[in-house]
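First the structure, in the form of structure tokens, and then the observations on it.
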Amino acid sequence: VIIARPGDQTATAVHTPLACMAFSVMLMWGAAPPGEPWPPISRALYFITYLGTGMAFLRFTTLFPRPISDKAGRSILPYLPGALLILATGFMHLESLLNGSVAEYHRFRGVFDLYHIALVVYVAAGIRNLAVAFGATSAPDQRKQLQWVLWGVTIGPAPFLLLVVVPE
């Protein structure tokens, strides 16, 4: 999409959540042996890309099929809570890895639950934006594009959410 439409802000906005989702899947949990340098690095990247998927998706929906407002996509305010949760989650996870403390790990899990709630909020807000755009447009080509995106968002992540996130 980026190659086909260089310089198009919406093309970049659709690419970002897809890339974030791909990276978060590649960086999923695994063993974290003490003293190994890769687990803390991969987990930090995981926390960024996993919640980054929801944040980037919300940004995409403020631009597609047309910007919600003149300021759409420019404000950092909606993304500030997510950025803070990424930092808090990463810090607490690193602390629990370095200390090897069960209490620290439980503290991390509490923040990680908030992190998942934020992810759901970002994705739900994005789906809401798409649904509002769908209801507001009468152009057949835009309605088909929005239907395609809505179906993709609904069907694509559903197995991941139902088989990974909810059981966790």
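The values are calculated or read from the model by the stated rules, or taken from the named source; none is laboratory data. Being a predicted model, the structure only gives us computed values, none of them experimental. Neighbour counts run over all protein chains shown; Cβ positions are idealised from the backbone, glycine included. Please note that ligands, DNA and RNA were not included when accessible areas were found on the heavy atoms of the full protein model with its side chains. Shrake-Rupley method; radii C 1.70, N 1.55, O 1.52, S 1.80 Å.
Quick test of your reading of the structure: I86 fulfils all but one of (1) closer than 23 Å to G152 by Cα; (2) open to solvent by less than 50 Å² (accessible area, probe 1.4 Å). Name the failing condition by number.
That leaves (1) as the condition not met.
For the range 20-31, which positions are among the small types (G, A, S) and open to solvent by 70 Å² or more (accessible area, probe 1.4 Å)?
Going through the range 20-31, the residues among the small types (G, A, S) turn out to be 22, 24, 30-31.
Across the range 20-31, the qualifying residue is only A31.
Tell me, yes or no, whether the range 87-108 has at least one residue that is modelled with pLDDT of 90 or more, small (G, A, S), touching a Phe, Trp or Tyr at 6+ places or on another chain (Cβ under 7 Å) and under 18 Å from S24 (Cα atoms).
Within the range 87-108, one or more residues are modelled with pLDDT of 90 or more, small (G, A, S), touching a Phe, Trp or Tyr at 6+ places or on another chain (Cβ under 7 Å) and under 18 Å from S24 (Cα atoms).
State all residues of the range 96-111 that are within 16 Å of Y46 (Cβ to Cβ) and either touching a residue at least 12 places away in the same chain (Cβ under 8 Å) or not in a helix (DSSP H, G or I) (or both); if no residue qualifies, say none.
S96, L97, F108, V111
Between a residue in the range 76-90 that is in contact (Cβ under 8 Å) with a residue 40 or more places away in the chain and any residue that is open to solvent by 30 Å² or more (accessible area, probe 1.4 Å), which pairs come within a Cβ distance under 6 Å, given they are 6 or more apart or on different chains?
G90/A44
Return the residues of the range 118-147 that are of a type in the set (K, R) and either within 30 Å of F47 (Cβ to Cβ) or open to solvent by less than 60 Å² (accessible area, probe 1.4 Å) (or both); say none if nothing qualifies. So that I can check it myself, show each step before the final result.
Pass one, the range 118-147, residues of a type in the set (K, R): 128, 143-144.
Within the range 118-147, just R128 meets the criteria.
Exactly one of (1) over 30 Å from A32 (Cβ atoms); (2) at pLDDT 95 or above is unmet by F60. Its number?
(2)
Here is a check on your reading of the model: is F112 over 29 Å from A32 (Cα atoms) and hydrophobic (A, V, I, L, M, F, W, C)? Talk me through it step by step, then tell me what you get.
Details: over 29 Å from A32 (Cα atoms): no; hydrophobic (A, V, I, L, M, F, W, C): yes.
So F112 does not fit the description; no.
Out of L163, L146, I need the residue that is assigned to a helix (DSSP H, G or I) and either of a type in the set (D, E, K, R) or more than 26 Å from L63 (Cβ to Cβ) (or both). Which one? Give the steps one after another, and end with the answer.
On the way: L146 fails: either of a type in the set (D, E, K, R) or more than 26 Å from L63 (Cβ to Cβ) (or both).
Only one candidate qualifies: L163.
Which residue out of P40, P34, P65, P17 is part of a helix (DSSP H, G or I), surrounded by fewer than 19 Cβ atoms within 10 Å (Cβ to Cβ) and not aliphatic (A, V, I, L, M)? So that I can check it myself, show each step before the final result.
Details: P34 fails: part of a helix (DSSP H, G or I); P65 fails: part of a helix (DSSP H, G or I); P17 fails: surrounded by fewer than 19 Cβ atoms within 10 Å (Cβ to Cβ).
Of P40, P34, P65, P17, the one residue that is part of a helix (DSSP H, G or I), surrounded by fewer than 19 Cβ atoms within 10 Å (Cβ to Cβ) and not aliphatic (A, V, I, L, M) is P40.
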